[in-house]
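Report on the structure given below.
Nothing in this text is a laboratory measurement; each read-out follows from the coordinates by a stated rule. Being a predicted model, the structure only gives us computed values, none of them experimental. Here the Cβ is made from the backbone with ideal geometry for all residues, glycine too, and neighbour counts use every protein chain on show.
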């Protein structure tokens, strides 16, 4: 387990005491739930609980109804979203209309590509059911990466898996378009 740098622990304690003073026991319970949910996300699984508490405290818990968009293709990438519950589709605009390119389920993260590559959103993410997420600002996400380089390795694994999946789908689609060779 990775330790929390001394400075981070005191920042957390300051933020924690300020938040609990104003919002009480409900905040404590929500924060504890959010930390447990973050630990289930592969890229956060090795992060110390105290750091996850700070991340959860500085993140925004948001809900979306089925059909609502978290963000749109082309938007500025200002945050990543951890899916706590519910499902969503990742869709990309094309000349033929929207194309669904992926499903999003609990314990996954979306929106990180725009943050990491400092580019506009590459797709739209649309809730397909009631969806609850933690919105992590770009600033906090990048700070977490700098504090925990091993998290970057987990992100690379997730992105490599997505690339592998996309390559397989592209290969299958192109193969289907090519005329069958006579045998």
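If the chain linking residue 120 and residue 163 were pulled fully straight, counting 0.36 nm for each residue of separation and taking away their Cα-Cα distance, it would gain 13.6 nm.
Stretched out straight at 0.36 nm per residue, the stretch from residue 143 to residue 170 would grow longer than its current Cα-Cα span by 6.3 nm.
The rule of thumb for compact globular proteins, 2.2 N^0.38 Å, goes into the C-alpha radius of gyration of segment 6-176 1.11 times. The fewest-to-most ranking of 63, 124 by surrounding Cβ atoms within 10 Å reads 63, 124. The order of the peptides 80-91, 95-106 by mean Cβ neighbours within 10 Å, most packed first, is 80-91, 95-106.
Between residue 128 and residue 85, the modelled labels are 1.9 nm apart [label points 7 Å from Cα along Cα→Cβ].
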